[in-house]
Each structure stands twice: as structure tokens, then as C-alpha cells.
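These notes concern the structure reproduced below.
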Amino acid sequence: MRGARDTGLLALALGLAAALFDAEPLWVPAVALALLAGGATAWVALGSRGLRVRRTLSARRVMEDEPLEVTLDIRAGTLPLPTGRLVDPLLDAPVALATGRRRSRIRIDARFSRRGRRTLEAPKIVVSDPLSLATRTVQLPPETGDDEVLVLPRIERVQAPGDGDDNRQRSRGRHVATAEVDMDGLRPLREGTSAARIYWPAVARGAEPMERKLAGEGDGRPLIVLDPRGASEPEDLDAAVRAAASLTVHLARTGGCSLLLPGDKRPTAVDPTLSGWPHLHARLAVVPDNGRPLLAGLTGRRGDVIYVSARIRSTPPAGLGTAAGARMLVVPRGLAGRRAAFSVAGCHGYALERSRASRRPTVGAGSP
């Protein structure tokens, strides 16, 4: 209201001068300015009364750089929509209101380039008179309160340089994702066990139903370990998270894998149907930069281990050496003088050592 206040003070000054010096010509501008200031103030006060806005999001979760459709529905109160503009954190610049209407709708295609949780501030409407002498900022929270969007890390294609045979790559990927398991005794039959696992000789004898127990069951799948510590730049941490997410989806679709996140005592399995992936994807979106992966549980693991580090390093941690399968190190931007076995999301993977040739982790090119 500063402009209207200054206009009113000027009208008052002219009125005092007209009265003190008996200058009748000054009464005309004094009255005109007083009416202008009062009219602008009344315009803004009446126009801002009863204004409402509702913000609707097409989704509460969205991947990096994917469009999120946002609708802002503005409704007038006592009078039609006044002169003014809408201010929202998702708008590049304030948008002028459709003056004279009872309702206005604005659509926004918002994009987020970085993962994480985004709390969107409530939109505001800056109401003003046509001359912008008087303004009032009206904070208009959405009906459901502040909106929150979870930005998920982007899933990117895994690329193996120098190998263009997609069929051979997919075949090798399926081979790696299949656990090598052997017979390791019997145990009581559990509900939901497949017929291929049932020990039929016991059923034929009329004994208690049994099922085959497999050696290394559940730990023969490839394992992705994420270490978010020590990133020299925030972009390196985001690249490492994207790489871990992309590798998890890629290997899960080729037969299944497991993902070990910082702070977890045990890896979380992801099957080819990706049934448990949405929860892990959401956790990856908010992984902090100081979480420490627990490597003690890798002792005796039969499967291959892919260690994704946000810090550019040439050697893996000591705890990774106890794994029985092959090992790979994935770092942002790559290592000078070393040839990468594959690349994904701005990171490069390097084979560190191979305990069995048949168990080398192959993450060939293909859709994530």
C-alpha cells in the first residue's frame, strides 16, 4: 500500500497548502489525489477478499527431468478476479490474473533436475489496482496444505563399449543374474513352494512333505552396493545414485539381483517383476552423503558384487575382498588410464578381480 499511502500524503499536503495560503486551484488536485488513493485502497481490499487457489499435482513421485503436470485453479471471492499476478515457485515468472473472470486455470509442466524431496511453498497472489498504487500480497495455501514431491533418480541405459551384439549381451546378462545353486539337504515343505522344489520320494513314502534346500540360496544373485560418501562434487553423488538405480533395474530384469543401501544390515532382493523396486527407488531419492554401507554380511557370498562409489577411487574397501564372486568398481567420471567394462549414468565400471570366469558380472547394453 506504499503507493496509495504516498498519494494520500501528497493529497493531504496539497490540501493544507490550499487552506493555509488560500490557493483554491490546489484543492482540485488535492481532492483528485485523495479520491485516487482511497479508490486504489478500496479496489485492492475488495478484490483480495475471498480469493482461493487450489494446486493439483499429477503425481507425488517423478523421475529427474520428467515432466510433472501441475494445475493452479484460482477462484474469485466477493468480486471477479482483480488486477494482479500469481506467484508460484514452479513458475519461471509471475503470471497476470485474468481480470474480470470468476475463475482462472493455469497449467505448468514442471521438471526437477536433481533427486530428493521437494516441498513446494504455497502460491501467492499479489493484488493491485490498475495503476499499481496499492498492492497486497495474499498468501493462499492449498486446501491440503504444502505440497511435497519426491524426485526419483533417473534410470539410464547400461552401455558396454565395443560390443554391438545386443542378443549376445542380453544372453550373458541372463547368465550372470542366475544364481549357481547346489543341493544342500532337505527341510519341511513351506507353503507356496514350487513343485520343482518338492522332494517327491518323501511324498511317495507317505512321510512328512519335504522340499529341497539349495546351497547359497538367496545370495547367488549379483549384488549392487552403494557408497555415497566422499563425493568431491554434488553431481558425483547424484551420478553414483543414478548408476546404482540403473544397474539394479537392469540386472533385476535379466534374472534378479540385490541392492545394499547405506545403513542396511542385509541386501534387499529385487526380482524380475520389480515388485519391490518402487520402495528402493524412493529410498535412493533421499540417500544422504554420509551413509556407510555395512560390508560384514558379504562374507561367503557366492554372487558377484558391484561396488558403486560416489568418491573417485581406484580400489574397493577391504571388506569387499571376502566375497566369493567377481568384483567390479563403479565410479563417477572414470579412472584415467584404465579401460571401463561398461558405463552408465556418467559412471564407469571396472573389473577388479575374477574368482571364477563363469561368474564375471556382465552388464551389457540394453534398456534399463
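Listed here are the residues, each with its yes/no results for (1) part of a helix (DSSP H, G or I); (2) of a type outside the set (D, E, K, R); (3) at pLDDT below 90; (4) on the phi < 0 side of the Ramachandran plot.
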site: LEU237; (1), (2), (3), (4): yes, yes, no, yes
site: LEU247; (1), (2), (3), (4): yes, yes, no, yes
site: HIS250; (1), (2), (3), (4): yes, yes, no, yes
site: PRO262; (1), (2), (3), (4): no, yes, no, yes
site: LYS265; (1), (2), (3), (4): no, no, yes, yes
site: PRO316; (1), (2), (3), (4): no, yes, yes, yes
Report yes if VAL241 is at pLDDT below 90 and in a helix (DSSP H, G or I), otherwise no. no
Turns out the strands (runs of 3 or more DSSP E) fully within the stretch 6-92 with at least 1 residues that are in contact with a strand residue (DSSP E or B) (Cβ under 7 Å, 6 or more places away or on another chain), within 30 Å of LEU284 (Cα to Cα) and not polar (S, T, N, Q) are 52-57, 61-63, 68-75
Would you confirm whether any residue within the stretch 273-296 is acidic (Asp, Glu) and in contact with a strand residue (DSSP E or B) (Cβ under 8 Å, 6 or more places away or on another chain)? no
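Table: residues versus (1) part of a loop (DSSP other than H, G, I, E, B); (2) among the hydroxyl-bearing types (Ser, Thr, Tyr); (3) at pLDDT 90 or above.
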position: ALA98; (1), (2), (3): yes, no, no
position: ARG101; (1), (2), (3): yes, no, no
position: SER104; (1), (2), (3): no, yes, no
position: ASP109; (1), (2), (3): no, no, yes
position: SER113; (1), (2), (3): yes, yes, yes
position: ARG118; (1), (2), (3): no, no, yes
position: ALA122; (1), (2), (3): yes, no, no
position: VAL126; (1), (2), (3): no, no, no
position: LEU131; (1), (2), (3): yes, no, no
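The values are calculated or read from the model by the stated rules, or taken from the named source; none is laboratory data. A quick note: this is a predicted structure, and the numbers were derived from the prediction, not measured. Methodologically, a virtual Cβ is constructed for each residue, glycine included, from the backbone with ideal geometry; neighbour enumeration extends over all protein chains shown.
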